[in-house]
Amino acid sequence: MRRKDRDQKTMNHPTHRRCRSFRNEGISLLALLALTATASAQGDAAPHSFAEAFFISHAVDVNGVRSVEWLGSLVIWLLMATSVASIGLIGQLAAANRRATIAPEVVMHRAAEYVDAGRYRETMTMLGESDAESDFATILLGGLERAPAGFQSMEGGLEQAATEVVARRTRHVEILNVIGQVSPMVGLFGTVYGMILAFQSIVASGGNADPVLLAGGIGTALVTTFWGLVVAIPALAGYAALRGRLDASLTEAISEAETILEKFRPGDAASDARLQAASESPKP
């Protein structure tokens with residue numbers, strides 16, 4: 001199956017649709033928070049719960065009037081939406097990078113049996129079927145398709161197919177690493193911005209700032225740091241777990257494909273006969 005067909009199949013995967021649902025929920029959450037912030041901004045000195053500080057950044061002027069601090073709130077909402085998206089992405093990647101889709105044991109054993117029996121055309125037909133679609137099948141096909149050009153060409157085809165498969169898989173998983181690395185930086189931006197607000201309140205009060213005035217900026221600094229860590233910790237943990245499992249499955253698929261291809265290496269009568277038969281066998 002072509003790369004375009006594989007990508008289309010991934011897009012239609014139920015887990016990918018669930019990931020899009022997570023993103024839609026994140027957008028709805030942002031809209032709800034925006035409405036809440038607008039309503040909160042209309043109330044000057046109304047009491048606010050402690051939990052609200054984790055979702056909306058507030059500022060207090062010298063007259064004690066509370067208002068929504070929009071930039072700090074946007075940083076918080078951005079990190080919250082990223083957290084929801086990253087959890088959905090972890091689930092989608094966990095389903096897409098299962099061992100059954102990379103190195104299915106049944107397909108590997110069947111391919112080895114077909115090659116031993118000299119059923120080369122059937123091997124390629126089986127590897128190209130949709131129910132046998134896997135990274136192992138793509139890698140082995142990359143080598144078997146070049147049988148007419150000789151064994152060295154088969155090795156080159158296998159290596160090229162393996163490189164493409166590994167790059168495609170790791171590129172998708174790498175998104176989690178990027179999220180885990182960038183989200184603390186976004187939180188740090190909110191931290192610095194919150195401290196700037198706190199120092200501005202000190203300057204505005206002539207150096208005798210009321211603790212209530214300082215609370216808004218310090219609260220923004222701490223809450224944005226909190227959400228940055230909430231995003232980064234699951235993303236990096238998920239990346240480490242998925243990357244480890246992905247590397248193990250890809251290594252197994254490549255190793256098994258190389259083992260099967262070694263049966264065509266010239267050097268003895270059986271290997272020469274296999275290579276000759278594979279070269280003369282028409283493509284399915």
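Does ALA215 satisfy the condition of being closer than 17 Å to TRP70 by Cα, assigned to a helix (DSSP H, G or I) and either in contact with a His (Cβ under 9 Å, 6 or more places away or on another chain) or touching a residue at least 24 places away in the same chain (Cβ under 8 Å) (or both)? When the stated conditions are applied, ALA215 passes them. If you check VAL231, VAL203 for being assigned to a helix (DSSP H, G or I) and under 31 Å from the mean Cα position of the chain (by Cα), only one passes: VAL231. Restricting region 112-151 to residues that are of a type in the set (Phe, Trp, Tyr) and closer than 16 Å to GLU256 by Cβ, the residue that is surrounded by the most Cβ atoms within 10 Å (Cβ to Cβ) is PHE136. For region 136-151, the criterion of a residue being at pLDDT 85 or above, acidic (Asp, Glu) and in contact with a Leu (Cβ under 9 Å, 6 or more places away or on another chain) is satisfied by no position.
In region 59-79, the qualifying residues are those that are in a loop (DSSP other than H, G, I, E, B) and touching a helix residue (DSSP H, G or I) at 6+ places or on another chain (Cβ under 9 Å), and the one that is modelled with the lowest pLDDT is VAL62. Selection of first residues in region 243-267 that are in a helix (DSSP H, G or I) and at pLDDT 90 or above and of second residues that are of a type in the set (Gly, Ala, Ser) and surrounded by fewer than 21 Cβ atoms within 10 Å (Cβ to Cβ), restricted to Cβ pairs under 7 Å at least 6 apart or on distinct chains, gives the following pairs, ordered by first then second residue: ILE260/ALA112.
Of the listed requirements (1) modelled with pLDDT of 90 or more; (2) touching a helix residue (DSSP H, G or I) at 6+ places or on another chain (Cβ under 7 Å); (3) closer than 23 Å to ARG245 by Cβ, ARG110 misses just one: (3).
Is it true that some residue in region 89-100 is over 14 Å from the mean Cα position of the chain (by Cα), free of Cβ contacts under 8 Å to residues at least 60 places away in the same chain, under 25 Å from LYS263 (Cα atoms) and surrounded by 16 or more Cβ atoms within 10 Å (Cβ to Cβ)? Within region 89-100 (the criterion being over 14 Å from the mean Cα position of the chain (by Cα), free of Cβ contacts under 8 Å to residues at least 60 places away in the same chain, under 25 Å from LYS263 (Cα atoms) and surrounded by 16 or more Cβ atoms within 10 Å (Cβ to Cβ)), the answer is no, since none of the residues qualifies. Taking (1) touching a helix residue (DSSP H, G or I) at 6+ places or on another chain (Cβ under 6 Å); (2) at pLDDT below 90 in turn, THR82 satisfies each apart from (2).
The values are calculated or read from the model by the stated rules, or taken from the named source; none is laboratory data. None of these values were measured; they are calculated from a predicted model. As a convention, Cβ positions derive from the backbone with ideal geometry for all residues, glycine included, and neighbour counts pool all protein chains shown.
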